[in-house]
Amino acid sequence: MSLEQFKNRNVGVQHYRMLDLSHTPQTGWGQFKQVVRRTLSLELFVGLKVTLREMTKALFFGKMHTTKYPFEKLPVGPRYRAIHEMKRLLESGHYRCIGCGLCEKICPADAIRIETAYGEDQRKQVQEYTINFGRCIFCGYCAEVCPELAIVHGGRYETASEQRASFSLFDDMLTPIDRLKEQKEFPGYGSVSPDADKRIHKTPLAY
Amino acid sequence: MSIREPNKTITVTIDGQECRGEWGQTILQVARANDIYIPTMCYLSKVEPIASCRMCVVEVEGVEGMILSCQEKAVDGAVITTNSDDLYRERQNITRLYDVNHPLECGVCDKSGECDLQSKTVEFGVDQQTFAARDQHRPVQDWGFISYDPSLCILCEKCVRVCNEVVGDEALQISVGGYKSTIINTKLDQQCAECGECMAVCPVGALVSTDFKYTANAWEMEKIPASCAHCSSGCQLYYEVKHTSIDNPDPRIYRVTNEHEFSSLCGAGRFAFDYANEGVQQDARAFDQAVTALRQADTIRFSGVITNEEALLLERLREALAVRLVCDDAYGYQRFLAAYRSISGSTLYEASLKTVADSQAVVVFGTRIYDDNPMVKYHMAMASKHHKARIVYLHPMEDARIQNLVTQYIKYEAGSEEGVAALLAATLLAGKTVSDPLAGVLDNLDIGNLSAESNVGEEELDTLKRSLWKKEGFTLIVGADLYNHPEAENIARFIAAIERYSDFKVLIVPPATNARGVAEICTLSEAVEGYTVGYNAPGDFVLSALGDGDLDMPALNQQEGTLTTVDQRVVPTHPALPYEGYTLNQLANALGVGSRYTIDQTPHLPRDKGYKAIAFDDLPDYFDALGGEHRGYLLSPGEVETRDVFSEIEELPAYDGLVVYRCNEGSAFGPFDARSVHRKHEAVLKGSEQFAVAARLKGGERIRFELDGESYERVFRIDTTLKGTVAIHPVWDRGLSAFALSSYRFSQLKFETTGNE
Ligand code: SF4
Ligand code: SF4
Ligand code: SF4
Ligand code: SF4
Ligand code: SF4
């Protein structure tokens, strides 16, 4: 379809309504009169009233509304899906990821790669884990599928950098061990439901 | 499973559907053949029904209670229900019991995604555990190449059965103790066959490969159907590939699996998959040199580890360039087959792996079968276990590893095979009507003398003869010791005569992966002459898939094509890994005889040799619901003109003193197998204590000796399972020169000691 055809295509019956606007002056004299009228009635200052008020507040009362990005940042909502975080177990500090590979499997963008091995502690060890943020579409599936609540979305939304690799490796995403106490549970997409305790049955054990 | 049952058809009604089956089939088999699903947990088609899980229960009209469909034979006219509320509840309860205390570790388990317990748990909706059993401390056991996790084990017994009934190794046992029951490996210190069959049939993650463990998940790997390239059985397998690592997207083979329900693999097939010629780029200069070399070549020497298509290309090159083809792996075999055919009159021998397994008497002659072809040995084990078959093993060296299967061991002197063949023929054909020339030879045999020279007692032959009484299904397996014997052709005639005039079927085991294909397709010469181009063999210009030649070639797991197996079957194989370099077909193209792709040759394999004009992509490659093999096709039989000529037996050669036997001990199949990091073999000269005394050698001493113009320096080890004065001399570690040996396998040993290891 050419542009011309596109513009003239049949889009059905439209119900447009004309706004009731005053006439635009047609003659030079008419325009002159309009300028004089607007100037004398100080219409400009009506428009600037709010600006001036806020300027006064900012200049003399220290009440500033502008966020001084990048020196200041707005908090993001808990369900915001930005750069992933890898959580640790609160008790032992061990990373939570068990290397099940479900996130790798589910990722629709094929952004995740994981390498695992049999560790000396007889556990499945995550040797390397990476998310290609050039591909990730921040859909949150990985966080949802993760059976361990190990991978979640964080609030880190600044993904422009010279080297994407600089924040896409396991260690970059993992909660630093010295900041384990500050680790917060992710309440958003894929986290346990608030009534989980009620719905989970305890497995009887005998030793 | 007995072979005497008539092939009568029966009709039963399963879930309202009329189903046809054969008399003697179980309900489960009839159901499966008719595409009706009955859940099972412990059923394994290739062994006798285990009946430990009770999952396969069905209801039969007029019969009280539930019936195990895996065991119960279908009776004509029976009305069977495979699914009802009662049956569902029964199966659900079984699943519940399996799930009690089962570790919740699907997240990391290697079996996850293809685990029978997982599937059944979902199928029967077991989503919680309401009771518990007292938990035990059950640490993971390291069996070397396999690790066993008793807490994941559901005690289905498949592993035990497969080890006993199929592999014949009897390494695994079930230690019964109620909830404490586990599987124990009784051969941990003597080393079991290390075939990994137990691991393959384990329905859960209790038995897993130690090298593979936790490196990849079942669902990530692409399964590439292929045929094993290590010996002439060409077993069905899947190479499972996935990217190498995060920064290397090139595919890597992580493990080998197979249709374990119906077919098996040995350790080489399962673990020696990492022999590809990797990282090869097209080297145009080397290619031009190779073309020039081929143009000026007098001989092309090659190994038997090659596809049929490549063999055909070589044959075309032979015609176009007027060169000699030399294949040390196949030459003796080709001659042996020709001599065999001159008596049998048929291009095909009558036995197959299946006839071995169905036999009630198996005679093995001239092969250390455990190492030459593990799959033949598996089928001997099946014959032994399923039909209580007599297994008579004739060889100069007893093999302790198959002692449990062999019912009679007949030792003969190295070199006396011709006499033994004649004695066998005389024994097995006594009282049968045979052709005049044969009768002449047999009547003229100086039995006493032959018996004395070969050391095969007449009583032993009598015992052999008597043990065949009232048996049905006889197989005679002959192997690589015979093909390069100086009197190979006469031996072949005696063997053929046994097949022709008795009930024995003969299996002539090819000595290398595709020795049979080469023997059919190529016109071979005995020895090299002049300028030689070697293809996976030594030469003046070497094309090598080991990566050590003048031009690189793809290994068999990087190629597509077909192989001709011991079953006289043409099976397809597919490339698991990419290969960027040049192929034989490209060389052939440069010389005017190739085709667009190597597999374009497949339909042109020689029709007069039994090959069919079927395009590669049309070859079937699957097993049906009851395990019927539909891989490629069987060679068509052809007739050969017979020439009833036997030679008189001259003096038998004597091998006095110290003798070595060239054999790849431990089923190590040569240079490709040797590249694998997953298999641990030691290339040492192994002899008995008696040998050590006779040779005045101590274990650990290093000796140097020369055989077939090759010089070897080997550490000597005493192996207490061996007897006599024959030592085992492996050559799998010798690179391409291992493919250039065509001498008789026994030789006298002269050596000098060169110190200690
Ligand atoms: S957010 Fe979506 S696209 Fe990104 S890594 Fe997770 S699953 Fe893949
Ligand atoms: S889904 Fe969770 S536990 Fe599994 S590999 Fe991904 S991050 Fe690790
Ligand atoms: S054996 Fe099967 S059910 Fe058990 S943990 Fe492994 S995958 Fe899960
Ligand atoms: S190890 Fe596997 S095959 Fe053997 S009994 Fe246990 S579950 Fe069955
Ligand atoms: S028996 Fe031969 S073909 Fe079969 S897996 Fe072993 S080496 Fe491979």
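The values are calculated or read from the model by the stated rules, or taken from the named source; none is laboratory data. Please read these numbers as outputs of a predicted model, since none were measured by experiment. So basically every Cβ, Gly included, is an ideal-geometry build from the backbone, and we count neighbours across all protein chains shown.
Between A:Arg179, A:Arg199, A:Arg156, the distinction of being more than 30 Å from A:Lys73 (Cβ to Cβ) and either in contact with a helix residue (DSSP H, G or I) (Cβ under 6 Å, 6 or more places away or on another chain) or more than 16 Å from ligand 2 (Cβ to nearest atom) (or both) belongs to A:Arg199 only.
Here is a check on your reading of the model: is B:Gly125 within 16 Å of ligand 3 (Cβ to nearest atom) and either assigned to a loop (DSSP other than H, G, I, E, B) or more than 14 Å from chain A (Cβ to nearest Cβ) (or both)? So B:Gly125 passes the test. For the range B:276-296, the condition of being buried (at least 22 other Cβ atoms within 10 Å of the Cβ) and within 20 Å of B:Cys228 (Cβ to Cβ) holds for at least one residue.
Scanning the range A:78-103 for residues that are of a type outside the set (Lys, Arg), touching a residue at least 12 places away in the same chain (Cβ under 8 Å) and more than 16 Å from ligand 3 (Cβ to nearest atom) gives A:Pro78, A:Tyr80, A:Ala82, A:Ile83, A:His84, A:Glu85, A:Met86, A:Leu90, A:Gly93, A:Tyr95, A:Cys97, A:Cys103. Only one of the numbered conditions (1) surrounded by 15 or more Cβ atoms within 10 Å (Cβ to Cβ); (2) without any contact (Cβ under 8 Å) to a residue 60 or more places away in the chain; (3) closer than 23 Å to B:Gly205 by Cβ is not met by B:Cys109, and that is (2). Can you name the number of the only condition in (1) more than 26 Å from B:Lys213 (Cα to Cα); (2) among the polar types (S, T, N, Q); (3) touching a residue at least 60 places away in the same chain (Cβ under 8 Å) that B:Thr130 fails? Failing condition for B:Thr130: (3).
Residues that are part of a loop (DSSP other than H, G, I, E, B), within 14 Å of ligand 4 (Cβ to nearest atom), modelled with pLDDT under 95 and under 20 Å from B:Asn101 (Cβ atoms): does the range B:135-145 have at least one? Yes, the range B:135-145 contains at least one residue that is part of a loop (DSSP other than H, G, I, E, B), within 14 Å of ligand 4 (Cβ to nearest atom), modelled with pLDDT under 95 and under 20 Å from B:Asn101 (Cβ atoms).
A single member of A:Glu158, A:Glu128 is surrounded by fewer than 17 Cβ atoms within 10 Å (Cβ to Cβ) and within 14 Å of B:Ile246 (Cβ to Cβ), and it is A:Glu128.
The range B:288-368 holds strands (runs of 3 or more DSSP E) entirely within its bounds, and those carrying 1 or more residues that are in contact with a Pro (Cβ under 9 Å, 6 or more places away or on another chain) map to B:299-302. Do the conditions hold for B:Val518, that is, is it buried (at least 24 other Cβ atoms within 10 Å of the Cβ) and in a strand (DSSP E or B)? No, not satisfied. Only one entry in A:Ala109, A:Ala143 is surrounded by 15 or more Cβ atoms within 10 Å (Cβ to Cβ), touching a strand residue (DSSP E or B) at 6+ places or on another chain (Cβ under 7 Å), of a type in the set (A, V, I, L, M) and away from chain B (no Cβ under 11 Å), namely A:Ala143. Does A:Ile137 qualify as being more than 9 Å from chain B (Cβ to nearest Cβ), farther than 14 Å from B:Gly107 by Cα and surrounded by 19 or more Cβ atoms within 10 Å (Cβ to Cβ)? The answer is no for A:Ile137.
Is it the case that B:Ala512 is outside any helix (DSSP H, G or I), in contact with a Gly (Cβ under 7 Å, 6 or more places away or on another chain) and not β-branched (Val, Ile, Thr)? For B:Ala512, the condition - outside any helix (DSSP H, G or I), in contact with a Gly (Cβ under 7 Å, 6 or more places away or on another chain) and not β-branched (Val, Ile, Thr) - is met.
Rundown of residues vs (1) within 16 Å of ligand 2 (Cβ to nearest atom); (2) over 26 Å from the mean Cα position of the chain (by Cα), yes/no style:
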site: B:Tyr179; (1), (2): no, yes
site: B:Lys187; (1), (2): no, no
site: B:Cys192; (1), (2): no, no
site: B:Leu207; (1), (2): no, no
site: B:Thr215; (1), (2): yes, yes
site: B:Glu220; (1), (2): yes, yes
site: B:Lys223; (1), (2): no, no
site: B:His230; (1), (2): no, no
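Against the criterion of being part of a helix (DSSP H, G or I) and either closer than 30 Å to B:Asn248 by Cα or touching an Asp or Glu at 6+ places or on another chain (Cβ under 8 Å) (or both), A:Asp172 qualifies. The criterion of being in a loop (DSSP other than H, G, I, E, B), more than 7 Å from every other protein chain (Cβ to nearest Cβ) and within 12 Å of ligand 2 (Cβ to nearest atom) holds for A:Cys97.
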